[in-house]
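Take a look at the structure set out below.
The values are calculated or read from the model by the stated rules, or taken from the named source; none is laboratory data. Everything quoted here is computed from the prediction, not taken from an experiment. Glycine gets a Cβ as well: all are built from the backbone with ideal geometry, and neighbour counts include every protein chain shown. For the accessible areas, the whole protein counts, side chains as well, though only heavy atoms, and no ligand, DNA or RNA atoms are used. Shrake-Rupley method; radii C 1.70, N 1.55, O 1.52, S 1.80 Å.
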Amino acid sequence: MSSPSKRREMDLMKLMMSDYKVEMISDGIQEFFVDFHGPKESPYEKGVWRIKVELPDAYPYKSPSVGFVNKIYHPNVDEMSGSVCLDVINQTWSPMFDLVNVFEVFLPQLLLYPNPSDPLNGDAAALMMRDRAAYDQRVKEYCEKYAKSEDIGAVEEKSSDEEDDLSEDEYASSDDDAVVGKADP
């Protein structure tokens, strides 16, 4: 049986040898970014997200932490932090899974089959349950605005002015959405 550090190295190497772009955050192998494309035949199809992955010391016995760096409109992803609500990662993780499973199975399944009854984004969940066509359109708008492949490397490199401008727009739209979300139980 191999040690957790050997397994971490092996799983990371397997991920790097796959079709995913992996970018290390520091000299260690415990934090890195992976560029993830939305699944085909879904409203997320044209989006590309930068996913931050953190491997705990006890990986693979403890699940990795994954979060979206650029914005995504989804009931099970917190819009502000990018945190993911995914049972297989958060609760039912097994050492039998590896990092490739996260990107080839778990995240695509999350995007293909959102669970609005367990939301981190209440507005997305409410819209999805109320009007699926409007939800799909909002997803596509977010993909166009925040998840274009040519912009993926610039997500963390924005100047503070750009972030301030974006934030003001987002606050204005999220304030409107919040009012709608609260009025519709």
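Roughly what would the spin-label model give for S83 and E9, points 7 Å off Cα along C-beta, in nm?
Distance between the two pseudo-spin positions: 3.4 nm.
Where nothing but the Cβ of Lys and Arg (+1) and of Asp and Glu (-1) is charged, how large is the charge dipole of segment 64-149 around its Cα centre, in debye to the nearest 20?
260
Give me the 1.4 Å probe accessible area per residue for segment 1-145, excluding ligands and nucleic acids, in Å².
Accessible area per residue, segment 1-145: 51 Å².
If you average the sequence gap of Cα pairs under 8 Å that are 6 or more apart and divide by the length of segment 1-136, what percent do you get for the contact order?
Averaging sequence separation for qualifying contacts and normalising by length gives 19 percent for segment 1-136.
Given Cα pairs under 8 Å that are at least 6 residues apart, what percent is the relative contact order of segment 11-77? All intermediate terms of the calculation are to be shown ahead of the outcome.
Working: 92 pairs, mean separation 13.9, N = 67.
Value for segment 11-77: 21 percent.
Place +1 on the Cβ of every Lys and Arg and -1 on the Cβ of every Asp and Glu in segment 12-153, take the dipole about the Cα centre, and give the residue among N101, I25, Q137 whose Cα lies farthest towards its positive end.
Q137
With +1 on each Lys and Arg Cβ and -1 on each Asp and Glu Cβ, and nothing else charged, work out how big the dipole of segment 7-164 is about its Cα centre, in Debye to the nearest 20.
For this selection, approximately 540 debye.
As a quick test, which of the pairs K40/K62; K14/K145; K14/K40; K40/K71; K62/K140 have an alpha carbon distance above 26 angstrom in this structure? Could you put the intermediate results ahead of the total?
Values: K40/K62 30 Å; K14/K145 31 Å; K14/K40 23 Å; K40/K71 19 Å; K62/K140 34 Å.
Check vs 26 Å cut-off fails for K40/K62; K14/K145; K62/K140.
Measure off, as a whole percent, the carbon and sulfur share of the 1.4 Å-probe accessible area of segment 1-95, all protein chains present.
52
At a threshold of 8 angstrom on Cα-Cα distance, excluding pairs fewer than six apart, so keeping six or more, what relative contact order does segment 77-147 reach in percent?
Relative contact order for segment 77-147 comes out at 27 percent.
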